[in-house]
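Undergrad: Below is the structure I would like to discuss, written out as structure tokens.
The values are calculated or read from the model by the stated rules, or taken from the named source; none is laboratory data. These numbers come from a predicted model, not from an experiment. All Cβ positions, even for glycine, are placed from backbone atoms using ideal geometry, and neighbour counts span all protein chains on display. Quick note on the areas: whole protein, heavy atoms, side chains included, nothing else; ligands and nucleic acids left out. Shrake-Rupley method; radii C 1.70, N 1.55, O 1.52, S 1.80 Å.
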Amino acid sequence: MKPTGTDPRILSIAAEVAKSPEQNVPVILLKLKEIINITPLGSSELKKIKQDIYCYDLIQYCLLVLSQDYSRIQGGWTTISQLTQILSHCCVDLEPGEDAEEFYNELLPSAAENFLVLGRQLQTCFINAAKAEEKDELLHFFQIVTDSLFWLLGGHVELIQNVLQSDHFLHLLQADNVQIGSAVMMMLQNILQINRSKRSKMLLEINRQKEEEDLKLQLQLQRQRAMRLSRELQLSMLEIVHPGQVEKHYREMEEKSALIIQKHWRGYRERKNFHQQRQSLIEYKAAVTLQRAALKFLAKCRKKKKLFAPWRGLQELTDARRVELKKQVDDYVRRHLGSPMSDVVSRELHAQAQERLQHYFMGRALEERAQQHREALMAQISTNVEQLMKAPSLKGAEGKEPELFLSRSRPVAAKAKQAHLTTLKHIQAPWWKKLGEESGDEIDVPKDELSIELETVFIGGTKPP
């Protein structure tokens, strides 16, 4: 199954490999090295790229190319050494998914065996080379191949046993050349260090598991010992208790056990309810935060309105300032000569301007008085609501506390009287008159019964007479 969201660069290389002839495939596969090198090491993006390379069989293509004769590959040992680096980097930290068995049991052992075969071929070429430059170049390629093998073994330590038991590795160890032999011995030393670290980790894991098992065993023994002591204590207490009190003792023990079970059950239930109500608590806190922000915004708006104080006229001018302003006006008039205007037209324009200014200031004064009236009403409503919230119930009111519920508003008093009489009439009516009534039906009250005095149930607040 092909992965979704595949890197377009991997798709392009896979398509190019599928369409190109066999001799051009190694050169095309070298493009993977640039993609791997520019991607951060250990990142999730690199893991995704490795999965795409494996899913489109590009790792298998690299393995097939390395199993061919090096003389038939374009670029020779340069191309082969770079392909070993690509193969080793792609196989480390790779998650094969559904093909894990094939990857670990077939592909990885085959890759390690191919690296050893390439090392033997490079060893033979190095021994047969006559020029010193050619030997240096082959030794460089040999080190690249051994480094790639070491990188592969570092990511998959289970391959160390296969490498140490391989005949090709034994032949490399038996090399007569000092340079090849030192490189092989260095690789062997690194492999043994990896194996030693693996064994130390395994020993640490085994010791940790043993300690955990010992701790569990000790806890189990302590629990069993405590239960045995508890039962022995109960038996000793039963021996002391009179036979006629045994049943009472059992009943008390059952009651205590029931109380403990109920306590734990209630605690569990309350915790569960709290977790269920957490969302409503979060919504309540969010509402409080929004209200606080809205109140702050309204306070800022009121503060800005207060900054625009009513116009109080111009400040008194000194004689020097008057002369300066007159000079500025004369200069402006001299530079901007307008069309000639008669005195009559000038007086009419002046009168219109004065009329508009007067109309504007009168409207502004009315608007300010209306705003002050609205703010006073809002303050009165807030005060009345606060009084109602803090006032006691009518049933428990004493002294002058019932006066807090009085209102001097005649419409409010009439509406309250009507609601009160409606409720009384409905309560005092016989049961057979209530048959067929709905909860929302209104009861007619005669107008003569609505003759009331001013003092009645409080609804909107009190006003001075």
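Undergrad: Arrange the residues GLU239, GLU95, GLU368 by how much accessible surface each exposes, largest first, with a 1.4 angstrom probe. Provide the component values of the computation, followed by the final result.
TA: Values: GLU239 155, GLU95 115, GLU368 70 Å².
Result of the area sort, largest leading: GLU239, GLU95, GLU368.
Undergrad: Using a 1.4 angstrom probe on heavy atoms only, work out the carbon and sulfur share of the accessible area of the chain in %.
TA: On the way: 20020 of 35470 Å².
Using a 1.4 Å probe with all protein chains present, the chain comes out at 56 percent carbon and sulfur.
Undergrad: Would you mind checking the tilt of helix 319-335 against the longest principal axis of the Cα atoms of the chain, expressed as 0 to 90 degrees and rounded to 10?
TA: The angle comes out near 70 degrees.
Undergrad: Moving to a separate point now. For GLN224 and ALA18, calculate 0.36 nm times their separation in residues minus their Cα-Cα distance, and state this gained length in nm to one decimal. Before the final figure, lay out each step's value.
TA: Numbers: separation 206, 0.36 × 206 = 74.16 nm, distance 6.92 nm.
Taking GLN224 through ALA18 to full extension adds about 67.2 nm, to one decimal.
Undergrad: Give, rounded to the nearest 20 debye, the magnitude of the charge dipole that region 8-192 has about its Cα centre when Lys and Arg contribute +1 at Cβ and Asp and Glu contribute -1 at Cβ. Each step should come with its number before you reach the end.
TA: Working: 11 positive and 23 negative charges, 99 e Å.
Here region 8-192 has a charge dipole of around 480 debye.
Undergrad: Keeping all protein chains in position, work out how much accessible area ILE36 exposes to a 1.4 Å probe, and write it in Å² to the nearest 10.
TA: About 20 Å², ignoring ligands and nucleic acids.
Undergrad: Between (1) 49.2, 133; (2) 31.0, 104; (3) 28.5, 107, which matches Rg and Dmax of the Cα atoms in Å calculated for the structure shown?
TA: Identified label for the calculated read-out: (1).
Undergrad: Then there's this: Once ligands and nucleic acids are excluded and a 1.4 Å probe is used, how much of TYR56 is accessible, expressed in Å² to the nearest 10?
TA: 50 Å²
Undergrad: Using just the helices of the chain, give the 222 nm mean residue ellipticity in deg cm²/dmol: DSSP H runs with n ≥ 4 each add -39,500 (n - 2.57), and the total is spread over all residues, rounded to 500. List each step's numbers first, then the result.
TA: Working: 15 runs with 327 residues, N = 465.
Result for the chain, helices only: -24500 deg cm²/dmol.
Undergrad: So, with +1 on the Cβ of K and R and -1 on the Cβ of D and E, and no other charges, what is the size of the charge dipole of the chain about its Cα centre, to the nearest 20 debye? Present the calculation step by step, with values, prior to reporting the outcome.
TA: Values: 65 positive and 61 negative charges, 675 e Å.
The calculation lands at about 3240 debye.
Undergrad: Another question, then. So for each of 247-253, 316-322, 80-86 I average, over its residues, the number of other beta carbons within 10 Å; can you give me the resulting order with the highest mean first? Mind showing how you got there, number by number?
TA: Details: 247-253: 11.0, 316-322: 8.9, 80-86: 21.4.
Those peptides, ordered most packed to least, come out 80-86, 247-253, 316-322.
Undergrad: Can you give the angle from 0 to 90° between the axis of helix 108-128 and the longest principal axis of the chain, with both taken from C-alpha atoms, to the nearest 10?
TA: Tilt of helix 108-128: around 50 degrees.
Undergrad: Still on this structure, please answer the following. Answer with one residue from HIS156, GLY181, LEU63: the one whose Cα lies farthest towards the positive end of the charge dipole of region 8-192, charges on Cβ with Lys, Arg +1 and Asp, Glu -1.
TA: GLY181
Undergrad: Same structure, new question: Going by a ≥ b ≥ c, the root eigenvalues of the Cα gyration tensor, does region 35-115 fall in the rounded group (a/c under 1.5), the prolate group (a/b larger than b/c) or the oblate group? List each step's numbers first, then the result.
TA: Values: a/c = 2.31, a/b = 1.34, b/c = 1.73.
Since a/c reaches 1.5 but b/c is at least a/b, the shape of region 35-115 is classed as oblate.
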